[in-house]
Amino acid sequence: PTPSPFRRRYGAALPSPPPPPEDFLGREVETYHVVESLTRRRRLVSVVGRGGAGKSALVAAVTQYAAERRFFPDGVLFLRLDESLATYEDLEAALKDVMVAARDKLQLRRSKNRPGHYGGSGKGGASSSSSQKGDDNNANNTNGTKATAENGVTPQQQQQQVVGVTTDAELFAAELDLELGSLEDGASPFEILAHAHCLVVVEGFEFIDQGDRSLLLKEFQECPKVSVLSSSREPLTRRPSPSAVGSDENSRSSAAAALARGVVETVVRIGPLSLKAAARLFARQCPQLHTTNHRRLFIAQVATHHLDVSSKKLHAAVAKLEEREPRLLGNAHSVLSSRERRVLEALGDGFPGDIVARAFDATYDGLQDLVAIAVPTDDDDAADADQIRRAQHRINDLDKATEERRRQALLLAAAAATTTKKKNTDDDDDDDNAKHHA
């Protein structure tokens with residue numbers, strides 16, 4: 001398909017977003033949810049979690065996946081915010097800087113790759129109409145009948161003089177600026193993004209003031225084919241509690257919340273990694289584990305200890321409970337055995353940032369201590385038995401409730417059948433009486 005004007009002017013030279021870390025693992029479910037939301041054309045998707053949970057890594061993995069498969073034909077625009085970029089104007093300026101740099105880079109590339117050619121159809125991404133103009137001019141040159149005006153100036157040169165440019169690349173850029181709007185002439189980056197089908201990735205959106213954040217979200221919503229992927233510690237459209245802010249600030253936040261009320265946000269929360277994923281990440285990052293065999297042995301001793309029988313029984317009981325009472329588990333610790341909980345806590349509570357930090361600081365003695373605390377104990381068996389007993393009680397209660405609902409449904413069906421039969425009998429008696437009188 002023919003590239004859009006936005007891609008020809010900016011998108012083909014937008015800087016590549018950062019790649020995910022080499023040891024990105026354990027986030028398959030969250031990645032699926034984010035990708036599915038974006039492919040379903042959700043306009044605002046927020047990855048939410050505490051610091052060190054791996055939000056940036058997840059966003060990077062999703063961005064790379066979407067870019068490789070061209071989910072967004074006009075590319076990906078990446079922004080990373082911090083305390084120095086905390087207002088509407090700051091983000092607008094950052095957007096403008098990225099777009100200007102991409103435009104200048106693409107225009108320079110086009111000038112170098114296709115000198116003397118008006119909007120070539122190579123990697124510079126020119127339109128088919130521009131290519132046709134170049135082909136017509138080449139044909140005229142071959143026939144020796146190059147078109148000229150009365151004063152000896154070609155029509156192309158006349159057009160360049162009208163718009164005040166001197167090269168073919170500048171003329172090509174001027175035509176796209178007329179179609180999209182020029183940043184130098186006061187056009188807002190959001191006005192230009194209104195012509196784009198792209199993904200805007202914003203890390204650190206929580207640094208933006210609540211009022212300015214709502215205005216920015218509304219601006220992005222005005223761009224019909226732009227989706228925003230954000231990473232933050234809290235949902236972007238959540239209204240702050242009145243006790244958290246002063247009266248004046250609270251009134252401004254309330255007005256901002258009312259402004260953003262029409263913005264639909266899809267929130268994907270990420271919690272700690274599973275024990276096995278946490279152990280694998282620790283093993284890969286720990287300098288003390290030199291070989292693949294050392295890492296495999298460590299993971300086997302820490303994540304899946306051969307003596308840990310009670311954990312298997314607990315997971316089986318929880319699986320049965322999940323079949324009867326499906327629910328989304330917001331905290332992976334709720335299905336961990338006592339031993340697994342203790343080991344995961346020693347690995348940084350399952351959060352990638354803490355896991356990597358502890359892996360780098362680990363010593364040989366520290367690794368031995370970690371393996372030692374992973375050994376199951378009698379106390380673990382007792383604690384797991386209590387969890388298994390509670391899960392079994394819950395299963396029994398659910399089974400009883402299900403049986404009671406089934407019994408009530410049978411009683412209602414029997415009562416309805418009796419009522420229908422009685423009504424039919426009464427109708428038959430009425431018909432017999434009517435015939436008798438007749």
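Coordinate-derived values only; no laboratory data. Please read these numbers as outputs of a predicted model, since none were measured by experiment. Every residue, glycine among them, receives a Cβ derived from its backbone with ideal geometry; neighbour counts consider all protein chains shown.
Taking the simple approach of a point 7 Å from Cα along Cα-to-Cβ for both Ala372 and Asp23, what is their distance in nm?
2.4
³J(HN,Hα) across the range 17-27 via Karplus (A = 6.51, B = -1.76, C = 1.60, θ = phi - 60°), whole Hz, x for Gly/Pro?
x, x, x, x, x, 4, 9, 7, 7, x, 10
Between Val309 and Arg69, 0.36 nm times their residue separation minus their Cα-Cα distance comes to what?
Extra length available between Val309 and Arg69 comes to 82.0 nm.
Just to compare against my own numbers: the Cα pair-distance distribution for the range 368-438, 10 Å bins, whole % per bin, please.
16, 17, 14, 13, 12, 10, 7, 5, 4, 2, 0
Eigenvalues of the Cα gyration tensor times 5, then square-rooted: what semi-axes does that give for the range 10-101, in whole angstrom, largest first?
Its equivalent ellipsoid spans semi-axes of 23, 18, 13 Å.
Calculate the spin-label point distance for Thr402 paired with Glu234, positioning each point 7 Å from the Cα along the beta-carbon direction, and give it in nanometres.
My value for the distance between the label points is 4.1 nm.
What is the gain in length, in nm to one decimal, between Asp104 and Leu85 on full extension, counting 0.36 nm per residue of separation less the C-alpha to C-alpha distance?
4.5 nm
Please work out the Kirkwood hydrodynamic radius for the range 329-411, using every pair of different C-alpha atoms, and report it in angstroms with one decimal place.
Result for the range 329-411, one decimal place: 15.8 Å.
What distance in nm separates the simple spin-label points at Lys218 and Arg394, each placed 7 Å from Cα in the Cβ direction?
Each label point is offset 7 Å from its Cα along the Cβ direction, giving 4.4 nm.
Kindly state, to the nearest 0.05, the FRET efficiency for Ala385 paired with Lys276, given R0 = 22 Å and r defined as their beta-carbon distance.
0.45
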